[in-house]
Amino acid sequence: MNVKPDFSKNANMAATAPAFLSVWDMHAYYGESYIVQGISFNVHEGEILALLGRNGAGKTSTLRAIARLGDPEVRRGEIWLDHQPLHTMKSYEASQVGLGLVPEDRRIIAGLTVEENLKLAQIAPPLGWSLDRVYDLFPRLRERRAQEGVTLSGGEQQMLAIARALCRDIKVLLLDEPYEGLAPVIVDEIEKTLRIIKEQGITTILVEQNAVRALQLADRAVILDTGGIVFDGTAAEVLENKDLREEYLAI
Ligand SMILES: Nc1ncnc2c1ncn2[C@@H]1O[C@H](COP(=O)(O)OP(=O)(O)OP(=O)(O)O)[C@@H](O)[C@H]1O
Ligand SMILES: [Mg+2]
């Protein structure tokens with residue numbers, strides 16, 4: 001019989017754990033399909049958490065559930081952000097309390113320039129970021145502010161998608177495969193930016209297929225497998241654990 005090793009350390013995590021973002025016993029469904037099967041994990045303020053796992057493990061579904069998109073539907077469990085019950089909120093309310101999701105397809109709005117895409121998302125400073133602050137972080141976007149957003153390169157579109165999230169007053173950035181399809185040199189550039197975003201106090205959940213790159217950046221990692229958590233610990237532990245890497249990440 002193939003018994004899965006239990007790398008998970010969160011079995012006894014209290015529902016009241018004083019983490020910044022807490023997911024507690026979350027179960028989520030697409031119709032009758034039971035996808036996220038009772039997961040619990042904490043994200044501490046200002047850290048980068050890598051959320052990893054094979055294709056179909058439930059990473060995107062977990063991000064969508066936290067962002068309260070309604071699909072998948074969370075039927076059981078609690079999600080708390082900075083003492084506020086996200087699980088009772090709609091997606092626009094989750095966005096208002098500081099959650100920023102950058103989906104895999106980036107959703108740049110066609111027919112609008114870079115700057116118009118940013119302005120559409122912008123909340124007036126001091127709550128949101130000023131355009132100058134965003135452009136200081138992404139000089140490439142400043143150079144291309146008048147260019148139509150959808151004509152940017154893949155890497156630049158990813159930068160625009162992240163920049164747009166920052167234009168709101170976010171506390172938590174949820175990134176779904178930001179490195180997908182990008183050359184290593186562009187990944188370097190985005191990684192550098194994510195470090196600066198972290199220095200500014202923003203908490204990040206990073207979903208990535210490129211697990212090694214994600215683990216090099218992240219403080220901690222949670223690994224999903226068929227809708228459950230199989231590991232919760234430091235990024236360094238994953239990098240050092242060959243069995244874990246081979247079994248769940250194929251690296
Ligand atoms: N809209 C949907 N309706 C029904 N099932 C879905 C839907 N979206 C995803 N699923 C299923 O949920 C499971 C988890 O999918 P999810 O997209 O969360 O995985 P993932 O870990 O992000 O995978 P990948 O690495 O391929 O992006 C998969 O079996 C998938 O087929
Ligand atoms: Mg996915």
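On inspection, Val230 passes the criterion of being open to solvent by 10 Å² or more (accessible area, probe 1.4 Å), in contact with a Ser or Thr (Cβ under 8 Å, 6 or more places away or on another chain), within 16 Å of ligand 1 (Cβ to nearest atom) and more than 28 Å from Leu131 (Cβ to Cβ). Among the residues of the stretch 114-139, the one identified as out of contact with any strand residue (DSSP E or B) (no Cβ under 9 Å at 6 or more places or on another chain), open to solvent by less than 30 Å² (accessible area, probe 1.4 Å) and of a type in the set (Val, Ile, Thr) is Val134. The residue of the stretch 71-106 that is farthest from Met159 (Cα to Cα), among those that are within 16 Å of ligand 1 (Cβ to nearest atom), under 17 Å from the mean Cα position of the chain (by Cα) and among the charged types (D, E, K, R), is Asp71.
Taking Ala19, is it part of a loop (DSSP other than H, G, I, E, B), away from ligand 2 (no atom under 16 Å from the Cβ) and open to solvent by less than 30 Å² (accessible area, probe 1.4 Å)? Yes: the conditions hold for Ala19.
What residue, of Ala211, Ala218, is among the small types (Gly, Ala, Ser) and more than 16 Å from ligand 2 (Cβ to nearest atom)? Before the answer, list the steps.
On the way: Ala211 fails: more than 16 Å from ligand 2 (Cβ to nearest atom).
Being among the small types (Gly, Ala, Ser) and more than 16 Å from ligand 2 (Cβ to nearest atom) holds for just one of Ala211, Ala218, which is Ala218.
Of Leu244, Leu206, Leu217, all but one fail to be more than 16 Å from the chain's Cα centre (by Cα) and either free of Cβ contacts under 8 Å to residues at least 12 places away in the same chain or buried (at least 18 other Cβ atoms within 10 Å of the Cβ) (or both); the exception is Leu244.
Quick check on the stretch 47-93: of everything there that is outside any strand (DSSP E or B), away from ligand 2 (no atom under 16 Å from the Cβ) and aliphatic (A, V, I, L, M), which residue is most open to solvent (accessible area, probe 1.4 Å)? Once the filter is applied, the top-ranked residue is Met89. Just so you know, in the stretch 33-46 the residues that are buried (at least 20 other Cβ atoms within 10 Å of the Cβ) and within 15 Å of the chain's Cα centre (by Cα) include one that is farthest from ligand 1 (Cβ to nearest atom), and it is Asn42.
Of the residues making up the stretch 160-178, those that are more than 16 Å from ligand 1 (Cβ to nearest atom) and open to solvent by 10 Å² or more (accessible area, probe 1.4 Å) are Arg164, Arg168, Asp169, Ile170, Lys171. Taking into account only those residues within the stretch 22-32 that are away from ligand 1 (no atom under 15 Å from the Cβ) and closer than 20 Å to Val97 by Cα, which is least open to solvent (accessible area, probe 1.4 Å)? Ranking the qualifying residues of the stretch 22-32, first place goes to Ser22.
Selection of first residues in the stretch 53-68 that are near ligand 1 (Cβ under 8 Å from one of its atoms) and of second residues that are in a helix (DSSP H, G or I), restricted to Cβ pairs under 7 Å at least 6 apart or on distinct chains, gives the following pairs, ordered by first then second residue: Gly53/Lys59; Gly53/Tyr248; Arg54/Tyr248.
Is it the case that the stretch 189-196 has a residue that's of a type in the set (Asp, Glu) and open to solvent by 10 Å² or more (accessible area, probe 1.4 Å)? Yes, because at least one residue in the stretch 189-196 is of a type in the set (Asp, Glu) and open to solvent by 10 Å² or more (accessible area, probe 1.4 Å).
The values are calculated or read from the model by the stated rules, or taken from the named source; none is laboratory data. Just so you know, these numbers come straight off a predicted model, no measurement behind them. Neighbour counts are summed over all protein chains in view; Cβ atoms, including those assigned to glycine, are modelled from backbone coordinates with ideal geometry. Areas reflect the complete protein model, heavy atoms only, side chains present, ligands, DNA and RNA absent. Shrake-Rupley method; radii C 1.70, N 1.55, O 1.52, S 1.80 Å.
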